[in-house]
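Here the structure comes first, spelled out in structure tokens, and everything after it is commentary.
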2 protein chains.
Amino acid sequence: MWEHIETLAGFGWNIRRKCISCCEPWKGKTWFNRWQAHFRTAAIQTLRRRTGAVPLEQIVCTEDYQEVVSMDRKRIRDLCVESLQDLMVGTSPKHIANGKGFYEYSFGNFPELRVYFKGAEHYTVEDVKKSQRFEDKGQRALLACHLVANIYDNDDVFRGYIRETINRHRQYKMDPALWEGFWTVWTGYMASAGCLTDEQRAAWMQLGKDFNAECQVHLKNLNLPFVQNN
Amino acid sequence: MWEHIETLAGFGWNIRRKCISCCEPWKGKTWFNRWQAHFRTAAIQTLRRRTGAVPLEQIVCTEDYQEVVSMDRKRIRDLCVESLQDLMVGTSPKHIANGKGFYEYSFGNFPELRVYFKGAEHYTVEDVKKSQRFEDKGQRALLACHLVANIYDNDDVFRGYIRETINRHRQYKMDPALWEGFWTVWTGYMASAGCLTDEQRAAWMQLGKDFNAECQVHLKNLNLPFVQNN
């Protein structure tokens with residue numbers, strides 16, 4: 001097993017080279033392919049554009065190892081926190097709309113998720129707009145995203161918060177795949193709400209990956225349905 | 001109205017001089033006396049010991065102004081986070097004991113608070129030790145303290161989290177004075193659990209003051225009993 005990490009000074013990214021045949025975290029092609037689909041393309045493109053530091057030929061893939069580009073945890077935290085500046089929690093009409101807007105976006109673009117909101121299974125976007133319930137829920141969801149962004153570089157606290165979130169949602173009997181899927185909806189909302197850069201999106205998707213990983217571990221420990229990670 | 005701020009470079013403290021006859025935040029003697037009782041003595045003593053930068057004669061009190069020593073928000077955050085290093089959340093026996101220990105301390109030293117734990121009104125410390133309920137609650141309380149420490153330098157998120165905490169506790173009909181009193185119990189537990197320095201205690205008490213201030217504002221907005229701040 002071997003690993004090599006180079007840091008691109010001043011940018012906060014690492015280039016990790018890892019043997020994938022024996023390293024647990026990157027075990028198997030499946031995991032890598034999924035990761036690649038969600039994150040790698042955008043991340044590498046942004047990285048190349050911003051720094052000129054990753055020539056195409058360095059991005060290799062052989063039977064022996066994969067080259068993985070990842071951001072420092074602190075850098076991801078800062079990007080996510082920064083991306084939320086115009087989506088702050090609070091008590092003013094703008095702040096309340098920041099949270100409710102997430103559910104308007106979700107109901108408009110992912111109507112199949114309405115099944116998890118008892119009594120609102122047939123709500124339209126207009127119904128959500130008028131709803132006190134989704135005003136409150138919106139503020140809670142927005143706060144949760146602010147919290148995970150702010151604490152992402154404190155791994156134990158991040159994971160503790162995730163376990164507590166799972167505990168609180170136990171009663172809703174959610175499809176365990178939604179803990180990963182959420183981040184597609186979330187970044188979609190952020191993009192629709194204004195400017196989410198490629199780099200910020202990549203940061204959120206990496207945070208979401210780590211979030212989901214702890215979710216599945218905790219669901220398994222609770223003897224609840226979970227998604228097997230490769 | 002005038003204000004002067006000097007920063008003690010490399011230490012993270014500010015010395016603020018403010019006119020108290022016209023400045024809202026320091027309005028009146030009552031507020032200042034309460035602040036002084038909770039924070040000033042320890043803070044100034046620590047500051048003098050650590051830096052030698054605050055000669056006694058600078059600490060003045062006239063009719064026109066008070067000299068107030070306060071820490072930078074980021075410095076308070078870092079001190080609180082640092083003080084929790086040996087009280088991490090998690091799933092190991094040590095981590096679980098870190099949380100449950102808070103309730104053992106609380107039931108042992110503040111038995112009058114047991115009334116808020118339905119069914120456990122007559123619990124001894126030994127009962128708490130054996131209790132799954134307080135294992136779970138302990139982890140939640142500990143996580144909450146980690147969260148507020150980590151997000152303290154992001155004021156909007158800090159205040160959003162406080163409002164959400166109040167919303168979740170509404171059902172327990174707590175005495176509103178407990179939102180300030182909690183921090184005496186909390187820092188007492190931390191001190192009993194190991195080493196809480198004077199400086200870390202001062203940081204937690206300042207965080208607790210700000211926490212309580214937002215609690216009382218939110219309780220008032222919810223038309224619930226609240227403590228009038230001076």
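The values are calculated or read from the model by the stated rules, or taken from the named source; none is laboratory data. Keep in mind the model is a prediction, meaning the values are calculated, not measured. Here Cβ is always computed from backbone atoms with ideal geometry, including for glycine, and neighbour counts include all displayed protein chains.
Return yes or no: is B:Lys137 modelled with pLDDT under 95 and among the basic types (Lys, Arg)? So B:Lys137 does not fit the description; no.
Determine if region B:160-170 includes at least one residue that is more than 14 Å from every other protein chain (Cβ to nearest Cβ), within 21 Å of B:Lys137 (Cα to Cα) and assigned to a loop (DSSP other than H, G, I, E, B). No.
Reported count of residues in region B:128-159, each being over 18 Å from B:Val81 (Cβ atoms) and more than 10 Å from chain A (Cβ to nearest Cβ), is 10.
Considering B:Gly160, B:Gly188, B:Gly208, B:Gly181, which residue is over 15 Å from the mean Cα position of the chain (by Cα) and either surrounded by fewer than 18 Cβ atoms within 10 Å (Cβ to Cβ) or not basic (Lys, Arg) (or both)?
The match here is B:Gly160.
Screening B:Pro176 on (1) assigned to a helix (DSSP H, G or I); (2) surrounded by fewer than 21 Cβ atoms within 10 Å (Cβ to Cβ); (3) touching a Leu at 6+ places or on another chain (Cβ under 6 Å) shows it passes everything except condition (1).
Does B:Tyr172 count as among the hydroxyl-bearing types (Ser, Thr, Tyr), out of contact with any Ser or Thr (no Cβ under 6 Å at 6 or more places or on another chain) and modelled with pLDDT under 95? Yes; evaluated as a whole, the condition is true for this residue. In region B:49-65 there is no residue matching the filter, namely being closer than 20 Å to B:Trp183 by Cβ, surrounded by 13 or more Cβ atoms within 10 Å (Cβ to Cβ), of a type outside the set (A, V, I, L, M, F, W, C) and modelled with pLDDT of 50 or more. Taking every residue in region B:179-197 that is closer than 12 Å to B:Tyr103 by Cα and pairing it with any residue that is of a type in the set (Val, Ile, Thr) and surrounded by fewer than 15 Cβ atoms within 10 Å (Cβ to Cβ), at least 6 positions away or on another chain, yields no pair with a Cβ-Cβ distance below 9 Å. All but one of (1) within 14 Å of chain B (Cβ to nearest Cβ); (2) closer than 27 Å to A:Cys195 by Cα hold for A:Thr124; state the number of the condition that does not hold. Every condition holds for A:Thr124 apart from (1). Residues in region B:83-115 that are away from chain A (no Cβ under 14 Å) and of a type in the set (S, T, N, Q) were compared, and the one that is surrounded by the fewest Cβ atoms within 10 Å (Cβ to Cβ) is B:Asn109. Residues that are in contact with a Ser or Thr (Cβ under 9 Å, 6 or more places away or on another chain) and in a helix (DSSP H, G or I) within region B:77-110 comprise B:Leu79, B:Ser83, B:Lys100, B:Gly101, B:Tyr103, B:Tyr105, B:Phe107, B:Gly108, B:Asn109, listed in sequence order.
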